[in-house]
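Below you'll find the structure, written out as structure tokens, and then a few comments.
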Amino acid sequence: MSTRTVIPMGPQHPVFPEPLQLKLSLKDEKIVDVAPALGYVHRGIEKAAEKNDFTQNVFLVERICGICSFIHAVCYCMAIEDIMKIELPPRANYLRVIWGELHRLHSHMLWLGLLADSFGFESLFMKFWEIRERILDILEKTTGARVIISACAIGGVRRDISDEHLQEILTVIDKCEKELNGIIPVVMSDTTVKRRTVGVGVIEKEKAIHLGIVGPVLRASGIAQDARMTGYGAYKYLDFKPVVEESGDCYARAVVRAKETYQSIGLLRKAINQLPSGDILTKYKGNPGKAAAVSRVEQPRGELIYYVEGNGTKNLERVRVRTPTFSNVPALSKMLPGMELADAPVIVLSIDPCISCTER
Amino acid sequence: MTQTDTQPQEKQFPVLEGAENITIDNLTARVKKLDEEGYRLLTATCLDRGEKYEIYYHFDKDLTMLHLRLLVNKEEEVPSLSLIYLCAFLIENEMKELFGVKFSGLFVNYGGRLFLGEDSDITPMLKCVDC
């Protein structure tokens, strides 16, 4: 006869880069229930965004996340540009794609490394992070910062990328691709990786939409849904096709992210080769009027949505941020029950949780 | 996706373009229908409109968004969508904590403490009329 035991997983746990607590109810080694507990990194950023000048918010929203910071700024700026009817110069749209895909590339490599770390594959973890460093070096060269690059501005981008740096990006991503060719097959086909991920934490296609999951988690369940398919920015010129897997388990989520690293490299090459010349910033006057806009973009972790409402002053009436992890956390209550306690770290990591994004 | 038109009774606030007005009485039935039609619940946005809350429920199907707009008096209870869409429980608990929206039938109830600590201000997202 077994009784239920409640194990608090987190807020400090070796696989969590950020604090999150999951109260796991167990019957022997089997998980029967899960309750997420949040509130360790809430910073009140939505409230702060109402108090700031709308131009200062570009820097504020970048600080929601330390990994996909630039993409937060892009989404916020898109909403403001929609309200103020600002047309972007074509070059600015392409530069946003280039920096956005560089962020996705380093985020996915960070995650692939963490996945390897979660089941004790230390050498694979370090190799992914070594390659990731080269992308961070590019970000530093082109913007002066490694993570929070502050390159986005309302009306375009704040900086241009020189021809010399564009050439260097192409050289570096060629090198990264060669190195990834050596280690991504390990994620895809290694027996130890497969034994920890295949058939673990499954979300079936039929349940995926209903659960509200987003990003690679949704695409790993066989749903071809990616905000880049809407063609925002320069994506409409890049012949974007989402990466989709069918099995809906942790393995499929790893495969989606692994394939998306190659996809980002491909998008970077296309964007650089098609990059038009010209201005990078459209000047505008005044404040956002009494209007509301909803914008959405694709972060490495999934769909990001901003609702922004102006009131004619320099302060905004409301800035609402819906981040991908906020949508993926509830699905853990379907992924975890029925699995072994030892599977919990891999399953939780498979949604690539970003708690700073979730709590804002 | 902007709209500067205003409705006569709420002149001071904009309305999101294409938003479908909904009431407390038909909210659940409308959302059940959307669920059956394969819509995904993206999120909800709560706005403090003085005596009322304005809540937008955002849905998506095949990359097309649909917005439901609900105006409710602050003392009224809003039916929870968490029994239709499980993912609504975080969204509604957040609105309850930060705005003070009252929900009936909330599937998982954090009791008004999802993000904030015990010593934090209550409903910090409400507009401060004295500020």
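Quick notes on this one:
- Check on A:Glu179, more than 24 Å from A:Gly120 (Cα to Cα), more than 14 Å from chain B (Cβ to nearest Cβ) and not small (Gly, Ala, Ser): no
- Residue among B:Leu86, B:Leu81 that alone is part of a loop (DSSP other than H, G, I, E, B), modelled with pLDDT of 90 or more and more than 22 Å from A:His42 (Cα to Cα): B:Leu81
- Every residue from segment A:196-223 that is more than 14 Å from chain B (Cβ to nearest Cβ) and either among the hydrophobic types (A, V, I, L, M, F, W, C) or within 13 Å of A:Glu303 (Cα to Cα) (or both): A:Val198, A:Val200, A:Val202, A:Pro216, A:Ala220
- Failed criterion for A:Asp249 (all others in (1) out of contact with any Pro (no Cβ under 7 Å at 6 or more places or on another chain); (2) within 11 Å of another protein chain (Cβ to nearest Cβ); (3) among the charged types (D, E, K, R) hold): (2)
- The numbered conditions (1) more than 21 Å from A:Leu238 (Cα to Cα); (2) surrounded by fewer than 24 Cβ atoms within 10 Å (Cβ to Cβ) are all true for A:Leu88 except (1).
- A:Ile45 meets all of the listed conditions (1) more than 15 Å from A:Val348 (Cα to Cα); (2) modelled with pLDDT under 90 but one, namely (2).
- Summed over segment A:69-83, residues that are within 14 Å of chain B (Cβ to nearest Cβ) and under 24 Å from A:Ile355 (Cβ atoms) total 2.
- The C-beta contact set for segment B:58-81 (first residue facing chain A (nearest Cβ under 9 Å) and under 11 Å from B:Thr43 (Cα atoms), second residue part of a loop (DSSP other than H, G, I, E, B) and among the aromatic types (Phe, Trp, Tyr), distance under 8 angstrom, 6+ apart or interchain) comprises B:Asp60/B:Tyr39.
- Any helices (runs of 4 or more DSSP H) falling wholly within segment A:161-215 and containing at least 1 residues that are under 30 Å from A:Ser277 (Cβ atoms): A:163-189
- All of A:Ile223, A:Ile213 fail the test of being at pLDDT 90 or above, surrounded by 23 or more Cβ atoms within 10 Å (Cβ to Cβ) and in contact with a helix residue (DSSP H, G or I) (Cβ under 7 Å, 6 or more places away or on another chain), apart from A:Ile213.
Okay, residues lined up against (1) more than 30 Å from A:Pro337 (Cβ to Cβ); (2) of a type in the set (A, V, I, L, M):
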position	(1), (2)
A:Val32	no, yes
A:Ala37	no, yes
A:Gly44	yes, no
A:Glu50	yes, no
A:Thr55	yes, no
A:Val58	yes, yes
A:Met78	yes, yes
A:Glu81	yes, no
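- Output for segment B:82-131, where each listed residue is surrounded by 21 or more Cβ atoms within 10 Å (Cβ to Cβ), facing another protein chain (nearest Cβ under 10 Å) and among the charged types (D, E, K, R): B:Glu94, B:Glu97
- All conditions but one from (1) within 11 Å of chain B (Cβ to nearest Cβ); (2) more than 19 Å from A:Ile148 (Cα to Cα) apply to A:Ile86; the one that does not is (1).
- Residues considered: A:Val187, A:Val147. Of these, the only one that is within 30 Å of A:Tyr284 (Cβ to Cβ) and at pLDDT below 90 is A:Val147.
- Hits in segment A:169-210 - residues which are in contact (Cβ under 8 Å) with a residue 60 or more places away in the chain and within 30 Å of A:Leu95 (Cα to Cα): A:Ile169, A:Leu170, A:Ile173, A:Cys176, A:Glu177, A:Leu180, A:Ile184
- Matching residues, segment A:229-254, being assigned to a helix (DSSP H, G or I) and either surrounded by 21 or more Cβ atoms within 10 Å (Cβ to Cβ) or at pLDDT below 90 (or both): A:Tyr235, A:Cys250, A:Tyr251, A:Ala252, A:Arg253, A:Ala254
- Residue check, A:Ala116 modelled with pLDDT under 95, over 20 Å from the mean Cα position of the chain (by Cα), buried (at least 24 other Cβ atoms within 10 Å of the Cβ) and among the small types (Gly, Ala, Ser): no
- Test: residue in segment A:95-117 that is more than 20 Å from A:Arg253 (Cα to Cα), of a type in the set (D, E, K, R), assigned to a helix (DSSP H, G or I) and in contact (Cβ under 8 Å) with a residue 24 or more places away in the chain: yes
- Looking only at residues in segment A:29-51 that are part of a loop (DSSP other than H, G, I, E, B) and within 14 Å of chain B (Cβ to nearest Cβ), the one that is surrounded by the most Cβ atoms within 10 Å (Cβ to Cβ) is A:Leu38.
The values are calculated or read from the model by the stated rules, or taken from the named source; none is laboratory data. Predicted, not measured: the structure shown is a model, and the values here were computed from it. Positions of Cβ are generated from backbone atoms using ideal geometry, with glycine treated the same way; all protein chains shown enter the neighbour counts.
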